[in-house]
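What follows draws every value from the coordinates through simple rules; no lab data is involved. Just so it is clear, the structure is predicted and the values come from calculations on it, not from any experiment. As a convention, Cβ positions derive from the backbone with ideal geometry for all residues, glycine included, and neighbour counts pool all protein chains shown.
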Amino acid sequence: MSTKGLKDRIAGFAGKGLRLAASAKFEVALLGLLLLTAGAIAGKDQLLGRTVVFTPQNTTRNAHLVFSDGDAGVGGKTATYDKGGLKWDCDLHVQHPYRYCGYELFLDGDRGIHGLDLSNMRAMRITMMYKGEATSFRVHLKNFDPSYSIRADDESPQYLRVEADTTPGKLQTIEFTTADFGVADWWLRKHRLAPQFGRPKFDNVTSLIFETGTEAPVGHHSFEVREVLIRKAILSDAQGYLLLLGMWIVMIVAYLGYRVANLRKALLERQTLEALALREAQEAARRDHLTGVLNRRGMIEAFDGMAGQRRGAFDLAVILIDIDHFKALNDTHGHDFGDKVLAAFAGVIGRNVRMQDMVARWGGEEFVVVCADVDRRGAQKIAEKLRERVEGHDFGPCGPVTASFGIHWANGAQPDLSRMVSLADTALYAAKAAGRNCCRLLRADMSKAA
């Protein structure tokens, strides 16, 4: 294999590799999106999760409040003891039928109205130590909603309530989800809001409350909250799936756009190739397959195109050329050799005319040269130059080859090629009659019958 052939093969393989790589881009992106989707579904809590932790150490700046039934002003006698850092004790007394005590931690750092958005809370895990005789304890979340909540009224935010069993004397961990919380009945009765406001909301939780259980007995109760860990998602499940769906839609739209663009590109390339093939076929139909110059049809079309662009009269010469004694050359050396002579002859003619001149094989061993914008003397000079070049060319074993030239020159508008060739043929007949290997310009006194 030649070096050029090897280079062409390497370039072909490289181009094929680049095309494969380009076509694989979306397949790789699709695989990546599939893996991302599977990973997002399997590990959505890890990927889109956020953890908020409250401990005695990191809540020192948060405002808090220890409270009891005695604060309600209805005869409660419960005594509370604030030990700071999520620790408190209380002594419940029998005087109050609904005795209770608790600890409120304000999550916004102050008793404000800007809390945490726990709408996407996955879980709340409380680790605590309780000592006492109660069998349960309560957790409240207060959610501030400006539609009905007032900063000056501690009971105006929505109270979300859950109750869990206790394990007295042991460190216990209890975990809740948003589904475990319900709106406190007493809060609903007190505020008598429209039904839509009675649904649990977690979008602005301003405080977290720990409280003795519903049937807490009289006596001493001690609470120590070691940690409150809240796991929440940056996005809800619906938002996460909507995001994935959006990514898939973008991917599908991009892929469809890519495919449409490729199809358009392929269609354009196909149309270009078809147009090129058509032009090549049309050009081939205008060319003589043996000599490569125009054939009679090609010359007529080229001549009509050139003449159609002209306005008014212009100078034009038609030179009709006939190879001398070509039949004898064919009989002596064979038709294959004769074809080689025809091809070489056309090459000599084509190389020695002006760039704007047109050359055609008119038929057999006859050729036509059309020269626009040339006067009589110029046409004669072109013909004489061609004759000399033919006579001086080495055509091989057959020896010198000569040709006779008939020239017709005219100045007019909308010339007729067939008539001009016919008149040039008359001049060609005169050149042959004069002994061949010469040029003759048509004169009025020439005729084929002479």
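Tabulated data
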| read-out | value |
| --- | --- |
| Average Cα contact separation per residue, region 53-234, under 8 Å, 6 or more apart, as relative contact order % | 34 percent |
| Point-charge dipole on Cβ atoms (K/R +1, D/E -1) for region 317-443, about Cα centre, debye to 20 | 400 debye |
| No Cys partner within the rule (Cβ under 4.7 Å), the chain | CYS371, CYS398, CYS438, CYS439 |
| Region 143-232: GluC sites (Glu not before Pro) in DSSP coil with no more than 15 other Cβ atoms inside 10 Å | GLU155, GLU215 |
| Cβ-based net charge around CYS90, under 14 Å, with every Lys or Arg adding one and every Asp or Glu removing one | -3 |
| Identified option (computed Cα Rg over 2.2 N^0.38 Å; candidates (1) 2.34; (2) 1.04; (3) 1.43) | (1) |
| Total charge dipole magnitude, region 53-234, about the Cα centre, Cβ charges on Lys, Arg, Asp, Glu only, Debye to nearest 20 | 300 debye |
| Cut-off 11 Å between beta-carbons: net charge of the residues surrounding TYR100, Lys and Arg +1, Asp and Glu -1 | -2 |
| Residue order, fewest to most beta carbons within 10 Å, for ILE300, ILE234 | ILE234, ILE300 |
| Among VAL250, GLY102, HIS220 the positive-end extreme of the charge dipole of the chain (Cβ point charges) | VAL250 |
| Mean Kyte hydropathy of 0.5 or more with a Cα span along the axis of at least 20 Å, helices from DSSP in the chain | 3-42, 417-433 |
| Relative contact order (percent, whole number), region 296-441, Cα cutoff 8 Å, 6+ residue spacing | 34 percent |
| Exposed trypsin sites (Lys or Arg not before Pro) absent: longest stretch of the chain, with sites in DSSP loops and at most 16 other Cβ within 10 Å deemed exposed | 193-309 |
| Rounded Å value of the spacing that divides the Cα centres of region 320-376 and region 243-278 | 51 Å |
| Restraint check, LYS87/LYS131; LYS131/LYS190; LYS83/LYS131; LYS83/LYS170; LYS77/LYS142; LYS83/LYS201, Cα-Cα greater than 23 Å | LYS131/LYS190; LYS77/LYS142; LYS83/LYS201 |
| Of ILE174, TRP187, LEU116, farthest towards positive along the dipole that unit charges on Lys, Arg, Asp, Glu beta carbons give region 84-211 | TRP187 |
| Residue-count net charge about ALA134 - beta-carbon cut-off 12 Å; Lys, Arg +1, Asp, Glu -1 | -2 |
| Unit Cα scatterers, Debye sum, region 319-450: log10 I(q)/I(0) for q = 0.12, 0.14 Å⁻¹ | -0.43, -0.59 |
| 222 nm mean residue ellipticity, helices alone, for the chain (DSSP H n ≥ 4; -39,500 (n - 2.57); rounded to 500) | -13000 deg cm²/dmol |
| Shape metrics for region 53-234, restricted to C-alpha atoms - Rg then Dmax, Å | 15.7, 47 |
| Net charge dipole size for the chain [Lys, Arg +1 and Asp, Glu -1 on Cβ; Debye, nearest 20] | 1520 debye |
| Selected from GLY347, HIS325, CYS371, residue furthest toward positive end of dipole (region 296-441; charges at beta carbon) | CYS371 |
